[in-house]
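The values are calculated or read from the model by the stated rules, or taken from the named source; none is laboratory data. As the structure is a prediction and not an experimental result, all values here were calculated from the model. Backbone-built Cβ (ideal geometry, glycine too); neighbour counts: all protein chains shown.
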Amino acid sequence: MIIIDGDDMKKSLIIIGVGLIILGLTLSGCTENGKENTEASIHAYVGAGMQQPMDEIGKEFEKKYNIKVNYDYAGSGPLYSKILASNKGDIFMPGAYFYVSELSKRGYIIDCTNITKHIPVIVVKKGNPKNITSLEDLGKPGIKLSLGEENIAIGRTFNKILTKAEKDHPSITKKIKNNTVVRGATVKQTLLYVELGQADAAVVWRADAMEDKDKVDIVPIDPKYNIIKTVPIAILKTTKNEKNAKLFYDFVNTKGKEIFKKYGFEVIE
């Protein structure tokens, strides 16, 4: 048995105490560093139709500023609802300005600018076996259509296109609705139904169709009826770090436009 005298016991206790203090400070430092890493990130709500260019933009931004971009991709309507429900997030980039306008009315927007355009087009199976050449052809008997849900940007926009076309083609809306066999929660999903053969045609954004032009053919919509939408980027008032959010906002509005062009988007200069 080892016997420790009183002085040695005191020294041992002092050493143990100092060790515990150092350990506590080290752990505290790790926690603080963890907080810093968490803060060096951005949460961006982005329309699903812009995933490819925005993924690349996020990588370039992180490389330059060491700030990670966490994306939430979905239809514009669901994203709008998610912002209201969570009261969180830094950036909002829906497929149409309407959703930013609605958030602005509620006091959720700090700053906003238009980045690019969304041009609606008709996509058909490769080779166009049903010989669809116009908007009116979508209402022909036997045509199976895939359309975006009405709470996403492409769905809302197509409804407006049909309203314009009704003036020259009465009942076209009814005919097209009757031919609609499936609705997509995002523009990507709407396009996928044609690629999988579950629909003969769909109405999507031109940039999304261009991404898959080896799988589908593109049929333009008559400019007389078509409605081109502007795609905005906005800084949300719910941001926890406005400085980082502004860095990303400016990056998308400059370097980001070059990347959007690469993916077939028509940018707003």
- prompt: Do the conditions hold for D212, that is, is it crowded, with 20+ Cβ neighbours inside 10 Å and modelled with pLDDT under 95?
  reply: no
- request: Give the number of residues within segment 49-87 that are farther than 21 Å from T186 by Cβ and either part of a strand (DSSP E or B) or not hydrophobic (A, V, I, L, M, F, W, C) (or both).
  value: 9
- request: Tell me, yes or no, whether segment 239-254 has at least one residue that is surrounded by 17 or more Cβ atoms within 10 Å (Cβ to Cβ), under 19 Å from P94 (Cα atoms) and touching a His at 6+ places or on another chain (Cβ under 9 Å).
  value: yes
message: For segment 135-168, give me the residue count where each residue is surrounded by fewer than 17 Cβ atoms within 10 Å (Cβ to Cβ) and not in a helix (DSSP H, G or I).
response: 8
- prompt: Consider D200 against the criteria (1) among the charged types (D, E, K, R); (2) buried (at least 23 other Cβ atoms within 10 Å of the Cβ); (3) closer than 22 Å to T230 by Cα: it satisfies all of them except one. Which criterion is unmet?
  reply: (3)
message: Go through (1) touching a Pro at 6+ places or on another chain (Cβ under 7 Å); (2) not assigned by TED's automatic domain parsing to the domain that holds G47 for I259 and report which single condition fails.
response: (2)
Candidates V187, V252, filtered to the one that is assigned by TED's automatic domain parsing to the domain that holds S134 and within 16 Å of the chain's Cα centre (by Cα): V187
- line: Selection from segment 179-188 of residues part of a helix (DSSP H, G or I) and in contact with a Leu (Cβ under 9 Å, 6 or more places away or on another chain) yields N179
